[in-house]
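Presented below is the structure to which this report refers.
The values are calculated or read from the model by the stated rules, or taken from the named source; none is laboratory data. Bear in mind the structure is a predicted one, so any value in this text is a computation, not a measurement. Cβ: placed from backbone, ideal geometry, glycine included. Neighbour counts: every protein chain shown.
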Amino acid sequence: MAPCLPAAVQRHPVQYAVGKTTLGDIPDIIQFVRDGNAPKDFIADRCRRLNSPIIQLFFEPFSRPLIFLDDAAAVSNIVCTRTKELDRAPITVRTFLHFFLRSSILKQTTPEWRAQRRLWKDSMGQDFLHRIAAPKTYKVALQLMEPFQLKTSIGNGRPFSVDTDFNLFVLDAVWAGFSAPICMGPAALPPTVKGELFRAIEYLNSTMNVSVTSPLSGWYRWFVRQRPKFRRYWALKTKIINEHIRKARERFAYSGSQQVDGSKTCAVDIVLCREQSAISRPNPSAFIIPPTDEEIHDELFMTLVAGHETTATALLNTDIPYLDATLEECIRLANIVPRIVQVARQNTEILGIYIPKGTQIMCTTFVCGHSLGGSPTYAVRRQEHSSGRENLRVVQAQPLYR
C-alpha cells in the first residue's frame, strides 16, 4: 500500500513518518483533542513543534497534503496582491459542489465567472434594495404581525416562541425579492405551519452543515444523497425553483425588452433584462454570456440558503446592552473567517518556499497567540528564510494587541 500513498511536497516541514501512513495526521489531531485542546489550535501547535510558519498536513486518506500557512503578513499578501497566482481551492468547491453546482461561488476566476457575476450585480445594488427588496420585505413583515397579534391574545401576556416564525419570515422576504411570496400564506395558529420549500431548505441546509464539519465529507455527501428523504426534498426544491424561473422567462418574453423599471419585480427580471440588453446591442459585449436555467437555479438556491438562517438568528437577538458590547468586543478581538483556502494556479513561492501548481494552501487568520489576560502560548520567534535571492524575515504567531 505504501507506493500508492501520496508524496509530501518537497522542502515543506512535515511530521516524521506521517506521510507513510494511510490516515496521515488524523490520529494526531484526535489525540490532540483528547488531551483537552481545541481543534483550531492544532495548526499553531504543529507550527511550533516544527519551528516553521508553513507546514504540510495529510488530512484525507490517499489525498495530496494541504499546505498550512500561519503567518499574518504572508496571508495578507496572498489575499490582497496575489490573486492571479492563487484562486478558489477545490476543497471549497467540493464542500458545496452537490448543492450549487453551477453557481458563481464554485467557479474559478474565469471570463464565465465574471460574466455571471455581472449579470447578478444589480440584484445587490441600492436601486434593487430600495425599489424591490425593501417594499416586499415590509409587506411580508406586516403579514408576520397578524400571527403575532393572534398569539399575543391567546397567550394573554405570557411569552411564546417565535423561532419558526422568524425563519419563515426571512425565507419569505428573501424569496420575495426573486418571485412571489411562498411561505407565509394565511396566519396560522401555533405551532406555525412550515411550507414545503422551507422544510426542504431546512433539511438540505442541515446536511450541508454536517458535511462541512465531517472529517470524511466526501463519503458523507455520497451517503446522504442516497437517502430517500434527501432525494424527495431535493426534487421538491428543484421543482419549485424551476417553476418560478419558467414563469419569469415567460413573463419577460411576453413584455420583451420594453420593460421599464417599475415592471421589474424581482432579481430574475433584472438578470434577464440585463442579458437581453447586452445581446441586443450593435456590438454585443464579449463579457456577457447568457446564463442557463441551471445557473440561475443555483444562484437562487445559494441566496436562499445563505440569507435566511443567519438573518433570522440576528432578528431573534433582543436588545441586551452588555451582551451586545461583549459580542462586539469578541468580534473586534477575534477572527471572523477561520481559514482562507487557495490553490496555486501556477508554480510559485510562499516565504521563499516552492509551491507547485495545483497545491492547496490553507491560510490561517489567527494572529493572537494567547488569550486576553493570560500568558502567551509560546514566545515570539523570528527566523530568517533564504530564498536564494532575498532574505524574508518571518514572525511566527505574533500576538496582536488592539
Return the total of residues in segment 30-41 being modelled with pLDDT under 85 and surrounded by 17 or more Cβ atoms within 10 Å (Cβ to Cβ). 0
Return only the number of the condition from (1) under 20 Å from the mean Cα position of the chain (by Cα); (2) crowded, with 17+ Cβ neighbours inside 10 Å that ARG114 does not satisfy. (2)
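Could we say that PHE96 is of a type in the set (Phe, Trp, Tyr), modelled with pLDDT of 80 or more and surrounded by 13 or more Cβ atoms within 10 Å (Cβ to Cβ) here?
Details: of a type in the set (Phe, Trp, Tyr): yes; modelled with pLDDT of 80 or more: no; surrounded by 13 or more Cβ atoms within 10 Å (Cβ to Cβ): yes.
No: the conditions fail for PHE96.
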Among (1) over 30 Å from ALA200 (Cβ atoms); (2) under 22 Å from the mean Cα position of the chain (by Cα); (3) at pLDDT 80 or above, there is one condition ALA325 misses while meeting the rest; what is its number? (2)
Can you find even one residue in segment 102-110 that is buried (at least 20 other Cβ atoms within 10 Å of the Cβ), of a type outside the set (Gly, Ala, Ser) and not assigned by TED's automatic domain parsing to the domain that holds GLY352? yes
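If only one of SER63, SER104 is small (Gly, Ala, Ser), within 22 Å of the chain's Cα centre (by Cα) and closer than 25 Å to LYS357 by Cβ, which one is it? Spell out how you get there, then give the answer.
Details: SER63 fails: within 22 Å of the chain's Cα centre (by Cα).
On inspection, the qualifying residue turns out to be SER104.
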Within segment 164-195, work out how many residues are over 21 Å from LYS136 (Cα atoms) and at pLDDT 75 or above. 0
Return the total of residues in segment 124-158 being part of a helix (DSSP H, G or I) and closer than 15 Å to GLY177 by Cβ. 17
